[in-house]
Amino acid sequence: MAAQDTAYSTESIAFRSALDVIRGVEPRVADAIASEIADQREMLKLIASENYASPAVLLTMGNWFSDKYAEGIVGRRFYAGCRNVDTVEALAAEHAKSVFGAAHAYVQPHSGIDANLVAFWSVLSQRVESPALAKAGVRQVNDLSEQDWAQLRADFGNQRMLGMALDAGGHLTHGFRPNISGKMFDQRSYGTDPQTGLVDYDALRESAREFRPLIIVAGYSAYPRLVNFRIMREIADEVGATLMVDMAHFAGLVAGKVLTGDFDPVPHANIVTTTTHKSLRGPRGGMVLCDDSLAEHVDRGCPMVLGGPLPHVMAAKAVALAEAGRPEFATYAQAIVDNSRALAEGLLKRGAKLVTGGTDNHLVLIDVSSYGLTGRQAETALLDAGIVTNRNSVPQDPNGAWYTSGIRIGTPALTTRGLGTAEMDEIAGLIDTVLGATSAAPAAKGGFSKAHHVLDEAVAARVAAQAAELLSGFPLYPGVDLT
Ligand code: PLP
């Protein structure tokens, strides 16, 4: 960029320069990047798992760290020349331990699913492999006899896991059969109380006593209430299970000290996994926190289930976690929940039906069957009106995991943008207007389609204009001017 750009902010110059460099090689990619930020600026983003990372986090990912191989852990690499990677990996782990009060942090997982795989195999390593090695009197699996190795492999495949059911809000990595977690483990699910929609700890305890799992997984993608991790640990201890908490969705609320005491998983769980890009507002990636007894197993994540770490992303995790340790982040985390409650109240007062009747966290699950719609129809109708959400199953969903009967909405992204409770009420009004004006399209073979909807174009256009007007008061990345 030339000297005439001095009128632009540092952030603008950084992103404009990057786009110029990319445009010189493949202009269509530069255009797609510019188009993405334009879309994100215009859309009302209510996807509960998305956020807007800071310019510092975004810029940390585009550099020479991307080129470096660094298998191993800090100070013990299988490649030479890793001193700078060691610096950023150690910083990310140090910030993670400080932000979450964890004994150990492993920041290499490339995503949440990878973090969960590392956690599962760490527990298997600690509780199945280590005793087998000790029994055989050898130090590592390569030293086992063929017979002992065959037995160990059979034992790996014969372990039990108890996780939250997908339609109760659990994640597909918590034992859903199409995911590897469901194929690896003999899995059983716990659900929620059909009347209240809340986790039924007594039923869970009964199930754990009978099933005696190796691992109990707590955590969720679509449960709008808090989970009591003290009770979960009591249940795990009673049946000899390891408690794993997947806090991918609510890590930002833990970092921001909105979830404390019984609702903070870190002091209660043996092992905690998370993504870094949802409410935590970092780069796309995963992380594992654990107690000292699991640390050596977790640190073998690469090569156990991961390839070489992504140093540029670990560097960005360090930056994001430094941000999450600041007092402003606690204010942000509280605002996420305040906004979520305001959104729920706004919807309830307009007659919407919400799973569990409200929310205590960052997300709200609307049961759109009360509007006579499937989740799929509601999702596309809202998108027609510039509101980005995603469809989600509700407990005992009659429409299955594809069409669904729910819409999941969350407030981390719009809270980053600066919207507050008054705007949430307005957004509840927009959502209700769209869903109220939408109907199921007639199906070709008679009856009604589960996929297609009818929404008056004028209503969609009016709501989209209102959403754009609302957002214009809260510019996204105000310091970044690409015009
Ligand atoms: N765990 C939970 C609870 C999630 O909600 C998700 C993502 O939606 C994941 C894990 C997987 O994260 P990723 O998409 O980064 O693999």
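The values are calculated or read from the model by the stated rules, or taken from the named source; none is laboratory data. Small disclaimer: the values here were computed from a predicted structure and weren't measured. Cβ placement follows ideal geometry from the backbone for every residue including glycine, while neighbour counts extend to all protein chains displayed. Heavy atoms of the whole protein, side chains included, go into the accessibility calculation; ligands, DNA and RNA do not. Shrake-Rupley method; radii C 1.70, N 1.55, O 1.52, S 1.80 Å.
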Worksheet item: Using a probe of 1.4 angstrom, how much of the accessible area of the stretch 65-324 is carbon and sulfur, in percent?
Response: 48
Worksheet entry | Amide proton proximity set for His452, modelled H, under 5 Å, gap of 5+ | Ala441
Worksheet item: Contour minus end-to-end for Trp402 and Glu210, with contour as 0.36 nm per residue of separation and end-to-end as the Cα-Cα distance?
Response: 65.9 nm
Discussion item. At 7 Å along Cα-to-Cβ for each site, give me the label-to-label distance between Val29 and Glu146 in nm.
Written reply: 4.9
Fill in: Lysine-lysine proximity count for the chain, Cα under 18 Å, sequence distance 8 or more or distinct chains
6
Fill in: Surface accessible to a 1.4 Å probe, per residue, for the residues of the stretch 65-324, Å²
41
Worksheet item: Using θ = phi - 60° and the Karplus curve 6.51 cos²θ - 1.76 cosθ + 1.60, what whole-Hz ³J(HN,Hα) does each residue of the stretch 70-78 get, with Gly and Pro shown as x?
Response: 8, 4, x, 10, 3, x, 9, 9, 8
Fill in: For the stretch 236-316: rounded, prolate or oblate by the Cα gyration tensor [a/c cutoff 1.5]
oblate
Discussion item. Can you sort Met287, Met184, Met304 by solvent-accessible area, 1.4 Å probe, largest first?
Written reply: Met304, Met184, Met287
Worksheet item: Label-point separation (nm) for Ala422 and Asp292, each offset 7 Å from Cα along Cα-to-Cβ?
Response: 5.3
Response to the item:
Sorted list, accessible surface of protein heavy atoms, 1.4 Å probe, largest first, for Tyr403, Tyr69, Tyr52, Tyr79 is Tyr69, Tyr79, Tyr403, Tyr52
Fill in: Low-density loop positions, trypsin sites (Lys or Arg not before Pro), the stretch 390-483 - DSSP coil, at most 10 other Cβ in 10 Å
Lys445
Worksheet item: Hey, rough spin-label estimate for Ala461 and Asp39, points 7 angstrom out along Cα→Cβ, what's it come to in nanometres?
Response: 2.3
Item to complete: Express in Å², to the nearest 10, the accessible area of Thr380 obtained by rolling a 1.4 Å probe over the protein heavy atoms while all chains stay in place.
Response: 50
Item to complete: Can you work out the PRE-style zone for Phe78? Point 7 Å along Cα to Cβ, and I want the residues of the stretch 292-322 with backbone N under 17 Å.
Response: 297-311
Discussion item. Restricting to DSSP H runs of at least four residues, report the calculated mean residue ellipticity at 222 nm for the chain, -39500 (n - 2.57) per run over all residues, nearest 500 deg cm²/dmol.
Written reply: -13500 deg cm²/dmol
Fill in: 4 °C / 1.567 mPa s Stokes-Einstein diffusion coefficient of the chain, Kirkwood radius on C-alpha pairs, µm²/s
54
Worksheet item: Rg(Cα) of the stretch 327-472 divided by 2.2 N^0.38 Å?
Response: 1.04
Fill in: Neighbour cut-off at most 11 other Cβ (10 Å), DSSP loop, trypsin sites (Lys or Arg not before Pro), the stretch 109-145
Arg139
Fill in: Rounded accessible area per residue of the stretch 327-472, 1.4 Å, Å²
39
Practice prompt. Provide the solvent-accessible area of Thr416, counting protein heavy atoms only and rolling a 1.4 Å probe, rounded to the nearest 10 Å².
Written response: 40
Discussion item. How much length would be gained if the chain were fully extended between Asp20 and Ala7, taking 0.36 nm per residue of separation minus their Cα-Cα distance, in nm to one decimal?
Written reply: 3.0 nm
Worksheet item: Using heavy-atom solvent-accessible surface (probe 1.4 Å) with all chains present, what is the largest-first order of Ser12, Ser130?
Response: Ser130, Ser12
Worksheet item: Roughly how many percent of the accessible protein surface of the stretch 327-472 is carbon and sulfur, given a 1.4 Å probe and a whole-percent answer?
Response: 54
Practice prompt. Using R₀ = 35 Å, calculate the FRET efficiency as 1/(1 + (r/R₀)^6) where r is the Cβ-Cβ separation of Asn63 and Glu238; round to 0.05.
Written response: 0.10
